[in-house]
Amino acid sequence: MTKEIYENPDLKKERQNCPFNKEEITNFLDGGKEKTTERRQLETYILSDEQLKDAVPMEYLSHADKYAEELRKSCLLMHKLADSPAGQVQTLRALMGAGLGSAILKEGNPIALHYVMFIPALMGQGTVEQQAKWLEKAYNLNIIGTYAQTELGHGTFLRGLETKATYDPVTKEFVLESPSLTAYKWWPGSLGKTANYAVVMAQLYTKGKCEGIHPFMVQLRDEETHEPLPGILVGEIGPKLGMNTNDNGYLGFDKVRIPREQLLMKHSQVLEDGTYVKPTNSKLSYGTMVFVRVVVCQDVTVNLRKAVTIATRYSCVRRQSELKPGDREPQVMDYQAQQHKLLPPLAATFGFQLAADHLWNLYNTANNSMEQGDMELLPDLHGLSCALKALCSSEAANFVETCRQSCGGHGYMSCSNFPRIYGQVTAAITYEGENTVLWLQVARYLVKTRKEKSGGLSVKYLIDEEKGPRTVDTTPEGIVKLYRRVAVGLVDIAIAELENNSRKGYAPHDAWNHAAVHLIKAAQAHARLFVVESFVDSLKGSRLSAPVRAILSQLCELFIIYWILDRSGDFFLCANLKKEDLLQLNSKYVQLLAAIRPQAVNIVDSFDLRDEILGSPLGCWDGNVYQRLFDEAAKSPLNQKNVHESFHKYLKPLLKSNL
Ligand SMILES: CCCCCCCC/C=C\CCCCCCCCCCCCC/C=C/C(=O)SCCNC(=O)CCNC(=O)[C@H](O)C(C)(C)COP(=O)(O)OP(=O)(O)OC[C@H]1O[C@@H](n2cnc3c(N)ncnc32)[C@H](O)[C@@H]1OP(=O)(O)O
Ligand SMILES: Cc1cc2nc3c(=O)[nH]c(=O)nc-3n(C[C@H](O)[C@H](O)[C@H](O)COP(=O)(O)OP(=O)(O)OC[C@H]3O[C@@H](n4cnc5c(N)ncnc54)[C@H](O)[C@@H]3O)c2cc1C
């Protein structure tokens, strides 16, 4: 007898008569049919392993027990790598990120930094010989590394880092030192308890001169005992808003000597006599950060997809209040206000992914040409990776919080998974370059391009001024032009502000600081233009069936109008937008909300996120929300006895005290 599978009747209804093929969208997002098959096989392989399941929810464990439990699972996952049905790199990518990996390691993988930064740093900064020495050991997990750059006193301002590596030509060694408390490394993931090696960024001194920050390969712990080596002061920094099993750590050096060959010398070298050989570009040592900024865009998008799926399914199960007097309480998704909360982030997941795909392609192209010594694409890659990392992380964090709020009280439960998703996404606003600082980097590139009439592909529109009438056209292509005008206009306003400040007698750095608000707005407009253009162009260029194209085009239109309505001042200011245009866009927007609403569940279904990955009773495929919430509550240690011992210890004496 086959067991009947429960499906909430409202969700069942939502899923009936879907006008498009969900599987086609799944394949589109995965990058092809074969990729979908491979991903599903991998998910089944990992998620069916009983040893990877939690005996109790993580929330109920102590800080140290959480770490130990996640390290156990993380190591087990690594043992499973060899038999994975997907390729090694594919498996690692899935296990380190917000998708499959987060189903097992909910608050961070203690060895993530090894793959996300340590190995990429070795590959990007090490010579062929250095790679031959350490990469295989790193691949085989004979050593586990991290990337130690940020210090207690400095994260953003890399030139201000204090850790010193002074070359001693007599012994042909570098001497590593932390000259003050603020020089201690502070934050690197996996550093606290897991890693036994690190790529350490330190100020290189040779022949009495500081040559700036450089990467050094440093052993931190004994390979057998795991005890810190002499002169190494290492530990964990304590609980954080999220990502609590990433064991972020601190690290100090008390005159630690390492051989000269442990300076990673792909781009710059120190010869035996202490002569310094410069890199072709002084920013090449920042390459590892560029890589992570690129992958973070993909990662926050996956997290956003999870949040939207949970909130959308829940909003179709949840019935509350009265829409039509006397009628049954409606699904909360039927309130236009709820659609306004959830459909823009739903649409954003597509826009962000398509833009992140473009960035990934640029990263690979630029990297290939840099391997041949051609640095031409580096400024564009730096500008675009900063812009997209900042935009995707900050928008995703806001959207995730909106999704949480859209679930009312139940969204506030830990088991809803919103706190963890938010904890991860909001961290991306800070790590790998604090967003404000990245916006200012982008602005620097835009101002330079506009003034010097020279720059890469992503900023070409600042050089080739658009010709023709400046009328407002509200087709998607017309809307892209509006975004372009805003991006150009806001750069010009920022430049005018800079010039105005100079005329007032400000020195260039003060003129810059006093124009920051305008500069940041210009950088954000540039990033939005890139996402909007990527969304519109990718749909135009893709081979999709008519029904899939229709729904994705509606999402695209909704999204690009949403941002205009959100920032209408910029469009009035720079794109000739009139009141009538805005009203027209507003009515188009609400029409689109109504048109997309019936397909919301089908769209999130097409993300094909398994219940284990969503990790939330609110978002499960079957919509059995209330039963699952009850089951979660039953796991609370406070519910294991009717009367907790603390009653006898504290409450009873109080009750009897006749205060
Ligand atoms: C078989 C195995 C294979 C391996 C397979 C691997 C698979 C797995 C891989 C991926 C997995 C995917 C899953 C993804 C999961 C993702 C996340 C999960 C884990 C979480 C990890 C979190 C880790 C966090 C780490 C960190 O935070 S590390 C520390 C980061 N720190 C920063 O970002 C510091 C920010 N500050 C700066 O970047 C800079 O200081 C600055 C603000 C840019 C200014 O620098 P400064 O030197 O002061 O510059 P100036 O002198 O002012 O010069 C400016 C000048 O330089 C140019 N510039 C600046 N930066 C760059 C750059 N990076 N590249 C190129 N150019 C640069 C800039 O444009 C200016 O140029 P001009 O003078 O010409 O204008
Ligand atoms: C979860 C997490 C994981 C991390 N992992 C690692 C890791 O693995 N390895 C590692 O090395 N580091 C890591 N970091 C550190 C991270 O890279 C830094 O925290 C980040 O670069 C910001 O630097 P900061 O903390 O010094 O902030 P600050 O630079 O001190 O920022 C404080 C404020 O000052 C503002 N500000 C600073 N400079 C400027 C400026 N020039 N103009 C305008 N405003 C400015 C910022 O916008 C911000 O509002 C991690 C951080 C987090 C939160």
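The values are calculated or read from the model by the stated rules, or taken from the named source; none is laboratory data. What you see is a predicted model, and the numbers here were worked out from it, not measured in a lab. Virtual Cβ from ideal backbone geometry, glycine too; neighbours counted across all protein chains shown. What goes into the accessible areas is simple: the full protein's heavy atoms, side chains included, and nothing from ligands, DNA or RNA. Shrake-Rupley method; radii C 1.70, N 1.55, O 1.52, S 1.80 Å.
Working only within the stretch 398-417, note down all residues that are in contact (Cβ under 8 Å) with a residue 40 or more places away in the chain and under 21 Å from GLN353 (Cβ atoms). Listed by number, the residues that qualify are PHE399, VAL400, THR402, CYS403, ASN417. Of all residues being under 17 Å from PRO476 (Cα atoms) and surrounded by fewer than 18 Cβ atoms within 10 Å (Cβ to Cβ) in the stretch 568-588, which is modelled with the lowest pLDDT? Just the residue, please. Once the filter is applied, the top-ranked residue is ASN576.
Please determine, by comparing only the residues of the stretch 432-460 that are assigned to a loop (DSSP other than H, G, I, E, B) and either more than 10 Å from ligand 1 (Cβ to nearest atom) or in contact with a helix residue (DSSP H, G or I) (Cβ under 8 Å, 6 or more places away or on another chain) (or both), which one is farthest from PRO508 (Cα to Cα). Per the stated criteria, the residue is GLU432. Of the residues screened, PRO85 is one that is at negative phi, open to solvent by 10 Å² or more (accessible area, probe 1.4 Å), at pLDDT 95 or above and not in a helix (DSSP H, G or I). Residue count for the stretch 9-38 satisfying the condition of being in contact with an Asp or Glu (Cβ under 6 Å, 6 or more places away or on another chain) and over 25 Å from VAL625 (Cα atoms): 1.
Once the stretch 303-328 is narrowed to residues that are touching a strand residue (DSSP E or B) at 6+ places or on another chain (Cβ under 9 Å) and surrounded by 12 or more Cβ atoms within 10 Å (Cβ to Cβ), the residue that is nearest to ASN417 (Cα to Cα) is SER315. Just one of (1) away from ligand 2 (no atom under 16 Å from the Cβ); (2) in contact (Cβ under 8 Å) with a residue 40 or more places away in the chain; (3) part of a helix (DSSP H, G or I); (4) open to solvent by less than 20 Å² (accessible area, probe 1.4 Å) fails for ALA94. It is (4). Residue under question is SER48, and the condition is that it be of a type in the set (S, T, N, Q) and out of contact with any Phe, Trp or Tyr (no Cβ under 9 Å at 6 or more places or on another chain); does it hold? For SER48, the condition - of a type in the set (S, T, N, Q) and out of contact with any Phe, Trp or Tyr (no Cβ under 9 Å at 6 or more places or on another chain) - is met.
So for the stretch 41-64 (the condition being aliphatic (A, V, I, L, M), at pLDDT 95 or above and loosely packed, with under 13 Cβ neighbours inside 10 Å), does at least one residue qualify? Yes: the stretch 41-64 contains one or more residues that are aliphatic (A, V, I, L, M), at pLDDT 95 or above and loosely packed, with under 13 Cβ neighbours inside 10 Å.
Among the residues of the stretch 387-425 satisfying the criterion of being open to solvent by 30 Å² or more (accessible area, probe 1.4 Å) and within 14 Å of ligand 1 (Cβ to nearest atom), which is nearest to the chain's Cα centre (by Cα)? Ranking the candidates gives GLN424 first. Restricting the first member to the stretch 433-461 and to residues that are under 19 Å from GLU499 (Cβ atoms), and the second to residues that are near ligand 1 (Cβ under 8 Å from one of its atoms) and in a helix (DSSP H, G or I), the beta-carbon pairs closer than 8 Å and six or more apart or on different chains are TYR445/PRO379; TYR445/HIS382; TYR445/GLY383; LEU446/GLY383.
Considering the stretch 183-199, and only residues there that are among the small types (Gly, Ala, Ser) and buried (at least 24 other Cβ atoms within 10 Å of the Cβ), the residue that is nearest to ligand 2 (Cβ to nearest atom) turns out to be GLY189.
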